[in-house]
1. In nm, give the distance between the simple-model label positions of ASP58 and LYS42, each being 7 Å from the Cα along the Cα-to-Cβ direction.
2. If you average the alpha carbon positions of the stretch 33-59 and of the stretch 196-232, how far apart do those two centres end up, in angstrom?
3. Check which residues have an amide H placed less than 5 Å from ASN69's amide H, if you skip close sequence neighbours.
4. Rounded to whole Hz and in sequence order, give me ³J(HN,Hα) for the stretch 48-54 from the Karplus expression 6.51 cos²θ - 1.76 cosθ + 1.60, θ = phi - 60°, writing x for Gly and Pro.
5. Evaluate E = 1/(1 + (r/R0)^6) for SER217 and GLU26, where r is the Cβ-Cβ distance and R0 equals 35 Å; express this FRET efficiency to the nearest 0.05.
6. Tell me which residues come under 5 Å, amide H to amide H, from LEU10 once H is placed; ignore anything under 5 positions away on its chain.
7. So who's got an amide H within less than 5 Å of the one on HIS50, skipping anything under 5 residues away but keeping other chains? H placed 1.01 Å off N, in plane.
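No value in this document is a laboratory result; all are computed from the given coordinates. Only a predicted model underlies this, so the values are computations on that prediction, with no experimental measurement involved. We place every Cβ from the backbone using ideal geometry, glycine too, and count neighbours over all the protein chains shown.
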Amino acid sequence: MEPSETTSRLFLAIFDDDLRRVPVEEGALIIGRSRDAHLRVKDALLSRKHCVLTRTGDRILLADLNSSNGTFVNGSQVASTTLACDDIIELGKAVLVLFDGEGWSRGDGLLNLRNPVKAQELVQRLREGGAGLASEAAPETTPRAGVRSRKGLSEEERGFLLWLEKVEREHLPELVGDYLTHKLISLLVRRSDRVRGAFTSVLEEMMDPAFFSRAASTEELRAEIRARVRDRLAAMPAEGRDPSPGQERDLLEPELDAPEGADDEIL
């Protein structure tokens, strides 16, 4: 993105195996040791996707992505923080500095760092206007995996995707479990006359506004629905015969000739 009157030009100076700098542009930049990270930093101590730097205008947010060895800014470990020019970021043994290309202006600012020697050398280069820093093109911010492209997303959607990537280990099983439950119900409704009859009967009753007015909370509504489904299933005769082994396999396999969107039409 070209600089404008309202957006300043910012860079990341990086000291891992090499000394280099890259432009910081609008959007999210995942930093890590993986080749799939948007900005790869060569350090075995980094996680594959270690942290994410998000630029919105002149606001720069740095968030740790549940890394093994942590993300440090000016000597302190952070979960997330808003960066200012000349802030020193330490990831493993690598040192990065956010700067505006005008040289170092923070003063010394090297106390309590984990990698003071590397930081001192990088800061000295910045004091000299970036001498000796190889310039690289802005990293590609369209991810091949993980956080999706930010184009066309609201701030709330961007924030949700970043949150999901950070906590996916904790929440992903729950989300997948909910999805599989939905798919199982869809298969049962489609394959079983008994289940489909109970489903249809209770659904018709739910269309009556009086059904909802009796429930004081969502949990009461769910309990009422569960009770009615049990009653309908108990009242309906059992289906003619148990499925053969071949039919049992069919229940678990997708219908190759089912029209697209069949699940949505049923549920």
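1. Those two pseudo-labels are separated by 3.5 nm.
2. One Cα centre to the other: 49 Å.
3. For ASN69, the qualifying residues are SER47.
4. 4, 10, 8, 7, 10, 10, 10
5. 0.20
6. VAL24
7. Residues meeting the amide H criterion: ILE31, GLY32, ARG33.
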